[in-house]
1. Answer yes or no: is there a residue in the range 361-368 that is of a type in the set (A, V, I, L, M, F, W, C), under 29 Å from ILE176 (Cα atoms) and modelled with pLDDT of 90 or more.
2. Can you name the condition, by its number, that LYS306 falls short on among (1) farther than 23 Å from GLY192 by Cα; (2) exposed (fewer than 12 other Cβ atoms within 10 Å of the Cβ)?
3. Check LYS74 against each of (1) touching a His at 6+ places or on another chain (Cβ under 8 Å); (2) farther than 30 Å from GLY42 by Cβ and name the one condition it does not meet.
4. Got a number for residues in the range 280-294 being in a loop (DSSP other than H, G, I, E, B) and modelled with pLDDT of 85 or more?
5. Would you please name the residue that is farthest from the chain's Cα centre (by Cα), looking only at residues in the range 363-402 that are of a type in the set (D, E, K, R) and assigned to a loop (DSSP other than H, G, I, E, B)?
6. Select, from VAL350, VAL297, the only residue that is modelled with pLDDT under 95 and of a type outside the set (D, E, K, R).
7. Scanning for something over 19 Å from the mean Cα position of the chain (by Cα), part of a strand (DSSP E or B), assigned by TED's automatic domain parsing to the domain that holds ARG186 and farther than 30 Å from ALA108 by Cα, does the range 300-319 turn up at least one residue?
8. Kindly provide the set of residues from the range 353-382 that are among the hydroxyl-bearing types (Ser, Thr, Tyr) and closer than 16 Å to VAL394 by Cβ, ordered by number.
Amino acid sequence: MVNDSTTAPSVPPAAVSQRVLIVEDQEDNRLSLQELLQMSLGLEVETAEDGAAGLALLRQKPFSLVITDLRMPKVGGMKLIEAVQAEKIPVTVIVTTGHGSIKDAVEAMRMGAYDFLTKPPDPQHLCLLVQRALRERALQDEVTALRQQLGERHTFQNVLSRSPKMHDVFELIGQIADTTSTVLIRGETGTGKEQVARAIHQASAMHRPGPFVAVNCGALNENLLESELFGHEKGSYTGADRKRIGRFELAHQGTLFLDEIGDVPMSMQIKLLRVLQERRFERVGGTEPIEVDVRIVAATHQDMEKLVKEKKFREDLFFRLNVIPIFLPPLRERPEDIPVLVSHFCQKFVRLGQKPPTLSPEALGVLTKAPWPGNVRQLENAIERACVTARDGVIRTKDLPPDIGRRPDGQKNPFHVDLSRKLPEQLAEITAVFEKRYILRALRKTRGHVGKCAQITGLSRRSITDKISQYEIDKNEFKSGEEG
């Protein structure tokens, strides 16, 4: 998570919580507003005679609140709001306008203004509005600061994690940054292998200034893959109407990322091995050797040792690729990363003009305990959907895809007899499923009343409360329900 703002000042929230800027072309109005806020609320207030002067001050120092007139010479209030939004200056804007310009004030709010006041503003109403705006601004600044701290603490080359396993990966990347050693990244689908490959490239930028070039080896047949990697000469085959530069040449002095390396055909494996050994090759249809200086980073979700054993992958090529092995743990083994990733994805998929949604405790519990067969990619898709369906800025369990939290295929039905699992284990699972359904039915009948639910079930109130927590049941959902 990188801060894209280059012009907005960055300071701790406490340093800007009391500073207000008044932008008004009428000197009497400007001074009276300044005196009112200083005397009544004890605020630090500065003034500007038009939008251009106001914007210059906003670029120089941080403010929490701007009170601006809409109609001024040179640069008006609308242009000022546009600039604040475009430059991502962290400040709240209140506009003032005459009685005949309410339509303009509404348009200003649509563009991002917090509220508006008609002239002359009522002093009491003005002070209350300013206080409320400053309180909300302080909360926004605090959230921003926490997110920045979170990013600094748990981000490495744009890879987010607070898992000790991933921090070991980060440390290894730092150690190999100034080398040319070949890297093999292994992990399940969706664990972020390409992100880690890019992190390796970025960490090596001082030593290897060339580009990052990616090839999905599993998406191309043998002939296309050869042309893609090595390029071809004009006329080398039917349809080759011009010379093509291959990915190896494009990645000179940079990084070539070979994704799904386990899918490379055997005949291409021989050619890849030769390039790794000699650091030179010929284009398809060419005879002139081309020397390259490229770091190879390969990735796969497959069991490479098994492929080697089955003679589907050359052992010598595997050894050449596996100089620096990196294993990415699946998301289910690093649940501490889920809140960090969810926060990032909520910011990524927030609706235009709205704040990033938050997660209810129940929804976060579901996400943390889900098996995530699709790993980070599946989580990203789930949060994108939830950001669309969420209401009131809160993602609840019902906003998550229906398959989240289910067991992997083959274990969805707890009553399925699986002789590979012990009987007590399966009985415990069946008991848990039945117990949860029974308590849900009782809660629905009593409309979430714990005491009445205890009477129906024959359990104590404490037991019902414990079961509600164990099964992550929101009893408030049943307060207006009917018996099912």
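The values are calculated or read from the model by the stated rules, or taken from the named source; none is laboratory data. Just so it is clear, the structure is predicted and the values come from calculations on it, not from any experiment. Using ideal geometry, Cβ is built from the backbone for each residue, glycine included, and neighbour counts are taken over all protein chains shown.
1. Initial filter on the range 361-368 (of a type in the set (A, V, I, L, M, F, W, C)): 363-364, 366-367.
Going one step further and asking which of them are under 29 Å from ILE176 (Cα atoms), we end up with none.
No, there is no match, as no residue in the range 361-368 is of a type in the set (A, V, I, L, M, F, W, C), under 29 Å from ILE176 (Cα atoms) and modelled with pLDDT of 90 or more.
2. In the conditions (1) farther than 23 Å from GLY192 by Cα; (2) exposed (fewer than 12 other Cβ atoms within 10 Å of the Cβ), LYS306 misses (1) alone.
3. (1)
4. If we filter the range 280-294 for residues that are in a loop (DSSP other than H, G, I, E, B), which is where we start, we get 282-283, 285-289, 292-294.
The next check asks that each one be modelled with pLDDT of 85 or more; those that pass are 282-283, 288-289, 292-294.
Residues flagged as in a loop (DSSP other than H, G, I, E, B) and modelled with pLDDT of 85 or more within the range 280-294 amount to 7.
5. Within the range 363-402, the first condition is being of a type in the set (D, E, K, R), and the residues that meet it are 369, 377, 380, 384-385, 391-392, 396, 398-399.
Restricting the remaining residues to those that are assigned to a loop (DSSP other than H, G, I, E, B) gives 392, 396.
Numbers: ASP392: 20, ARG396: 18 Å.
Restricting to residues being of a type in the set (D, E, K, R) and assigned to a loop (DSSP other than H, G, I, E, B), the top hit is ASP392.
6. Values: VAL297 fails: modelled with pLDDT under 95.
Going through VAL350, VAL297 in turn, the sole match is VAL350.
7. The first filter runs over the range 300-319 and keeps only residues over 19 Å from the mean Cα position of the chain (by Cα), leaving 300-319.
Checking the rest, the ones that are also part of a strand (DSSP E or B) come to 300.
Right, trim to assigned by TED's automatic domain parsing to the domain that holds ARG186 and you get 300.
Cutting the leftovers down to farther than 30 Å from ALA108 by Cα gives us 300.
Within the range 300-319, one or more residues are over 19 Å from the mean Cα position of the chain (by Cα), part of a strand (DSSP E or B), assigned by TED's automatic domain parsing to the domain that holds ARG186 and farther than 30 Å from ALA108 by Cα.
8. Filtering the range 353-382 for residues among the hydroxyl-bearing types (Ser, Thr, Tyr) gives 358, 360, 368.
Hits for the range 353-382 are THR358, SER360.
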